[in-house]
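Structure first, commentary second.
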Amino acid sequence: MPTQVPEPIAMVVKQAGDVRIHTVVSPFTSGNIANATHIIETRNQLVLVDAQFLAPCASAFRNYADSLGKPIERLYLSHRHPDHWFGLGTAFGDIAIYALPETLSFIQEHGEDSVSDHWKLGDLAPSRIVVPQKVASPGDETIDGVRYVFDQVVEAEIDFQLTIGLPDLGVYFAQDLIYSGTHLYLTKQMGHWIRVLQKMLLTDYELFMPGHGLPADKSEVARNIEYLSAAQQAIGNGLADEAFKEFMLQRYPERRCPGIFDIYLPRLFGDASDY
Ligand SMILES: [Zn+2]
């Protein structure tokens, strides 16, 4: 019998003229990490952002996109963490997938290892690997009448991350630069990550689409800065591993998805592999 995972939730979070922004968020409960994937629906077509992690969530995201009754023009993959691209192999093998060149070559070279490292997922893992075929590059592009601004952020939550802005709508797809209402996946680049978020606060964007959790405003961006600063300070004071986790759980009881600690602690405080 297939493993049961609670259904993702789907909603329209903004409408302006004939453009609608949708988000599909996987469960916050039982070890899940509320992966957030999004759809930009324009007059004639859909553009998707990220692909979900677990197979049933990826299928649910695809079914939701198909239910809108417009062709999927393309999908942008934000970065190479498995919880964003595993779903490509489950549900998006027939779609044009764009990613930064570093993301694309990582999945090409390490995709198979990454899936075997996740053997515990069983039938929740993708049955095949789909590698993005198209290179996304920084710059402006108009797609179906909407202006997109693509950019890359280096050395924050990941070495290379794609960001997408829709300046005329005030919407910014920050993906894993923001964890909205959930615990953050911390890396050794917290100082630079804080500076990236500080710059984000100075933009005219108003709606921030995260990689985990529900759509956010600038106060959530500010709370992420505060969280990163507290983590940096705790590490500076000598906290590590379980003691660090306990400290953060106590300091942020309102944040959800504590399962993320067990994913990153061996990488932050040890030398566990990067995929
Ligand atoms: Zn993520």
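Report, ordered by the first and then the second residue, all pairs with beta carbons closer than 6 Å, sequence separation of six or more or different chains, a first member in the range 174-197 that is of a type in the set (D, E), and a second member that is within 12 Å of the ligand (Cβ to nearest atom) and open to solvent by less than 20 Å² (accessible area, probe 1.4 Å).
If the second residue must be within 12 Å of the ligand (Cβ to nearest atom) and open to solvent by less than 20 Å² (accessible area, probe 1.4 Å), the pairs left are D176/E157; D176/G211.
In this structure, is V149 in a strand (DSSP E or B), open to solvent by less than 70 Å² (accessible area, probe 1.4 Å), among the aliphatic types (A, V, I, L, M) and more than 16 Å from the ligand (Cβ to nearest atom)?
Yes, satisfied.
Of all the residues that make up the range 69-111, how many are in a helix (DSSP H, G or I), within 20 Å of P138 (Cα to Cα) and more than 16 Å from the ligand (Cβ to nearest atom)?
Residues in the range 69-111 being in a helix (DSSP H, G or I), within 20 Å of P138 (Cα to Cα) and more than 16 Å from the ligand (Cβ to nearest atom): 4 in total.
Before we move on, is V115 β-branched (V, I, T) and free of Cβ contacts under 8 Å to residues at least 60 places away in the same chain?
yes
Could you check S114 against (1) in a helix (DSSP H, G or I); (2) away from the ligand (no atom under 16 Å from the Cβ); (3) more than 20 Å from S26 (Cα to Cα); (4) open to solvent by less than 70 Å² (accessible area, probe 1.4 Å) and say which number it fails?
Status for S114: all satisfied but (2).
It is to be established whether one or more residues within the range 253-266 are within 24 Å of T103 (Cα to Cα), touching a helix residue (DSSP H, G or I) at 6+ places or on another chain (Cβ under 8 Å) and modelled with pLDDT of 95 or more.
yes
When the residues of the range 8-59 are narrowed to those that are open to solvent by 20 Å² or more (accessible area, probe 1.4 Å) and within 13 Å of the ligand (Cβ to nearest atom), which ends up modelled with the highest pLDDT?
F53
Looking at the range 1-29, which of its residues are in contact with a strand residue (DSSP E or B) (Cβ under 9 Å, 6 or more places away or on another chain) and free of Cβ contacts under 8 Å to residues at least 12 places away in the same chain?
Hits for the range 1-29 are V12, Q15.
Of all the helices (runs of 4 or more DSSP H) wholly in the range 200-275, which have at least 1 residues that are among the polar types (S, T, N, Q) and open to solvent by less than 30 Å² (accessible area, probe 1.4 Å)? Break it down stepwise before answering.
Values: elements: 218-236, 241-251, 259-268.
Qualifying helices (runs of 4 or more DSSP H): 218-236.
Determine which member of the set I158, I164 is in a strand (DSSP E or B), within 15 Å of the chain's Cα centre (by Cα) and of a type in the set (A, V, I, L, M, F, W, C).
The match here is I164.
The values are calculated or read from the model by the stated rules, or taken from the named source; none is laboratory data. Just so we're clear, the structure is a prediction, and the values are computed from it rather than from any experiment. No Cβ is skipped: glycine too gets one built from the backbone with ideal geometry, and neighbour counts run over all protein chains shown. Ligands, DNA and RNA are stripped out before the accessible areas are found, and what is left, the full protein with its side chains, is counted by its heavy atoms. Shrake-Rupley method; radii C 1.70, N 1.55, O 1.52, S 1.80 Å.
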